[in-house]
Amino acid sequence: MSATPAITLRDLTFEWPDGSVALAGVSGTFGAGRTGLIGRNGAGKSTLLRLIAGELPPTSGHIDTGGEVG
C-alpha cells in the first residue's frame, strides 16, 4: 500500500447559492482503501462526498485526488 494520500483537502470551503456555509476551512487526507465518514445529520457529509466526486465545485480551497475515486 502506498504512503501517498488518495485524497487531500486543503482549506476547503463550500457555500450554497443562498450564502449558507456548509463547510469552512476543511483540511485533511484520506488514504487508499475504504474510509468511514461519520457525523450528525446536516453536518455536511454528503456535501463533502459530492465535492470530492466533482459533482459540486468548492467555493474555495483545493481537492487533490491521487487517481481514481470511487
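The values are calculated or read from the model by the stated rules, or taken from the named source; none is laboratory data. Since we're looking at a predicted model, the values are computed, not measured. All Cβ positions, glycine included, derive from the backbone under ideal geometry; neighbour counts span all protein chains shown.
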Within the stretch 1-12, can you find the residues that are surrounded by 11 or more Cβ atoms within 10 Å (Cβ to Cβ), at pLDDT below 95 and among the aliphatic types (A, V, I, L, M)? A6, I7
What residue, among those in the stretch 13-70 that are part of a loop (DSSP other than H, G, I, E, B) and among the β-branched types (V, I, T), is surrounded by the fewest Cβ atoms within 10 Å (Cβ to Cβ)? I38
Restricting attention to the stretch 20-62, report how many residues are in contact with a Lys or Arg (Cβ under 8 Å, 6 or more places away or on another chain) and either under 14 Å from I7 (Cβ atoms) or among the aromatic types (F, W, Y) (or both). 4
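Each row is one residue, and each column tells you yes or no for (1) without any contact (Cβ under 8 Å) to a residue 12 or more places away in the chain; (2) under 10 Å from the mean Cα position of the chain (by Cα); (3) more than 12 Å from L12 (Cβ to Cβ).
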{"site": "R34", "(1), (2), (3)": "yes, no, yes"}
{"site": "G39", "(1), (2), (3)": "yes, no, yes"}
{"site": "A43", "(1), (2), (3)": "yes, no, yes"}
{"site": "S60", "(1), (2), (3)": "no, no, no"}
{"site": "G66", "(1), (2), (3)": "no, no, yes"}
